[in-house]
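Quick notes on the structure that follows.
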Amino acid sequence: MAYSTLTIQDGVARLSLDRPEVHNAFDDSLIAELNAHLVELETRAEAGDVRAVVLGSQGKSFSAGADLHWMKRMVDYDLDDNLADSRKLSELMHRLDTLPCPTLCRVQGAAFGGAVGLAACCDIVIAAREAKFCLSEVKIGLSPAVISPYVQRALGSRQMRRYALTGEVMDADTALSLGLAHLVVERDALDSSVDAMLATLLAGSPQAQRATKALLATVSESTEAAATREQTCQVIARLRVSPEGQEGLGSFFEKRRPAWVQTPGSQP
């Protein structure tokens, strides 16, 4: 049984968790499916077939985190089994975080445990007002270890300490104020808000977006200021002389749409 779906239309990929009967909780099977989808999306984004990815889910909840049956099986896992499991989840977070195109997370309800990591790995998070976020791991003797680099980057270290240690629930407005979410809307405006953000993203240069996303990842990790400054110079210089960069500058000065902006109904 497939626990997720992937559709691609007009350059937009929609990847959806599809286990509403268990609030889209994930287990090893769903993690394997999502990793396979992300491998495909990485290839297609590099080729220019996919311009943006929307991560969402079916039903009332975005995701309740780890599946209870999966957790029961973990009780009998030895250290090597647990390492193998956690590395697959780590691969999922890394692949989502480094996809070479913009990613948008649609959160309609509860996002608990590892689901907070999924949101934090996406470039933009749009949440319904009733959405809730919780790093609930400490309540059951665990830690948000695998997702911690991504969630701490979103929240900052001080707020991460609080929410990772207390397991408190954040409402959507709190998530917005802390930087985990970018936009909070009423539930009936969620899809139209996602579509509006997609339209904004699709107006950008695909090449420039790929380069910018990769650059920002490097800048955030670099501790060597001179090397970072040189890399920023290299990136912008290469973009300026590239065909897409030349097209962008030309369209700006000629007051026309750049070639990558599609007219309604046209193929990407």
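The values are calculated or read from the model by the stated rules, or taken from the named source; none is laboratory data. These figures come from a predicted structure and were not determined experimentally. Every residue, glycine as well, gets a Cβ built from its backbone with ideal geometry; the counts of neighbours run over all protein chains shown. Note: accessible area is taken over every heavy atom of the protein model, side chains too, but ligands, DNA and RNA are not part of it. Shrake-Rupley method; radii C 1.70, N 1.55, O 1.52, S 1.80 Å.
Considering 75, 54, the condition of being surrounded by 14 or more Cβ atoms within 10 Å (Cβ to Cβ) and among the β-branched types (Val, Ile, Thr) is satisfied by 54 alone. The residue that is nearest to residue 12 (Cα to Cα), among those in the range 90-100 that are at pLDDT 90 or above and assigned to a helix (DSSP H, G or I), is 96.
Residues satisfying the criterion are present in the range 86-93 (criterion: of a type in the set (S, T, N, Q) and in contact (Cβ under 8 Å) with a residue 60 or more places away in the chain). Of all the residues in the range 153-164, those that are open to solvent by 80 Å² or more (accessible area, probe 1.4 Å) and under 14 Å from residue 134 (Cα atoms) number 2. In this structure, is residue 80 farther than 24 Å from residue 108 by Cβ, open to solvent by 40 Å² or more (accessible area, probe 1.4 Å), at pLDDT 90 or above and in the same structural domain as residue 131 (by the TED database)? Spelling it out, it is not the case that residue 80 is farther than 24 Å from residue 108 by Cβ, open to solvent by 40 Å² or more (accessible area, probe 1.4 Å), at pLDDT 90 or above and in the same structural domain as residue 131 (by the TED database). State which residue is most open to solvent (accessible area, probe 1.4 Å) when the search covers only the range 1-31 and only residues that are closer than 18 Å to residue 119 by Cβ and in a loop (DSSP other than H, G, I, E, B). In this case the residue turns out to be 23.
Scan the range 86-102 for residues that are open to solvent by 10 Å² or more (accessible area, probe 1.4 Å) and touching a Phe, Trp or Tyr at 6+ places or on another chain (Cβ under 7 Å) and jot them down. Result: 97, single match.
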